[in-house]
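These notes are about the structure you will find just below.
The values are calculated or read from the model by the stated rules, or taken from the named source; none is laboratory data. In this text, all values refer to a predicted model and were calculated from it rather than measured experimentally. Heads up, the Cβs are rebuilt from the backbone with ideal geometry, glycines too, and the neighbour counts pull from every protein chain shown.
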């Protein structure tokens, strides 16, 4: 019985991978990849053990704001954004999948939170009234002017300016307890290093949901001034 369950899991993982691979053209040469998916390039300014300070250049993103507990909001948001990149747009065009998917807390009116404490973050993760922005960085070949418009009015396309962030990488299934722990850890690290946050802790998830926990790449991200 156990081996049959394992076979089903493997088949589902492969199916998700094939579906993602079929969307859009392969990334151009020289673009950084994670397990075959394009990622946004960055420069490491400083390594701090398991964490590092990164500098990202400008990018174009697709995002959607969703209300609910973090896990529920993320699942719904990912489905909405997947619809856009898999062809639910004005040209019926498929846009290549990238990694990671991002999750950022927002105020109830959808505006960005200036900062939050780890305790507040822990409560927000399971709050049914919390608002989250779910975001994909789109492939570097696209500009905002070139992108097809989404058919779903909830999807927002935007240019994201260059930014500097503190990033803490970790493995494991990203449940609320683990995310709250990492939010507290990265906040404490920033304080110890004399770094000033420009916003709340965000999360980046690089792998499909069925990826085994030990093989997952997750990141807690703290925007810096």
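Could you pull out the residue among 172, 194 that is surrounded by 13 or more Cβ atoms within 10 Å (Cβ to Cβ), modelled with pLDDT of 95 or more and part of a loop (DSSP other than H, G, I, E, B)?
Of 172, 194, the one residue that is surrounded by 13 or more Cβ atoms within 10 Å (Cβ to Cβ), modelled with pLDDT of 95 or more and part of a loop (DSSP other than H, G, I, E, B) is 172.
Given the structure, is residue 92 surrounded by fewer than 19 Cβ atoms within 10 Å (Cβ to Cβ) and farther than 22 Å from residue 162 by Cα?
Criteria met by residue 92.
Here is a list: 83, 77, 87. Which entry is assigned to a loop (DSSP other than H, G, I, E, B) and more than 21 Å from residue 35 (Cβ to Cβ)?
After applying the criteria, what remains is 87.
Which of the residues spanning segment 141-170 are under 17 Å from the mean Cα position of the chain (by Cα) and within 20 Å of residue 66 (Cβ to Cβ)?
Scanning segment 141-170 gives 155, 156, 157, 158, 160.
State whether one or more residues within segment 47-68 are touching a helix residue (DSSP H, G or I) at 6+ places or on another chain (Cβ under 8 Å) and outside any strand (DSSP E or B).
Yes; the residues of segment 47-68 include at least one that is touching a helix residue (DSSP H, G or I) at 6+ places or on another chain (Cβ under 8 Å) and outside any strand (DSSP E or B).
Kindly establish whether residue 166 is touching a residue at least 12 places away in the same chain (Cβ under 8 Å), assigned to a loop (DSSP other than H, G, I, E, B) and in contact with a strand residue (DSSP E or B) (Cβ under 9 Å, 6 or more places away or on another chain).
Here the answer is no, as residue 166 does not meet what is asked.
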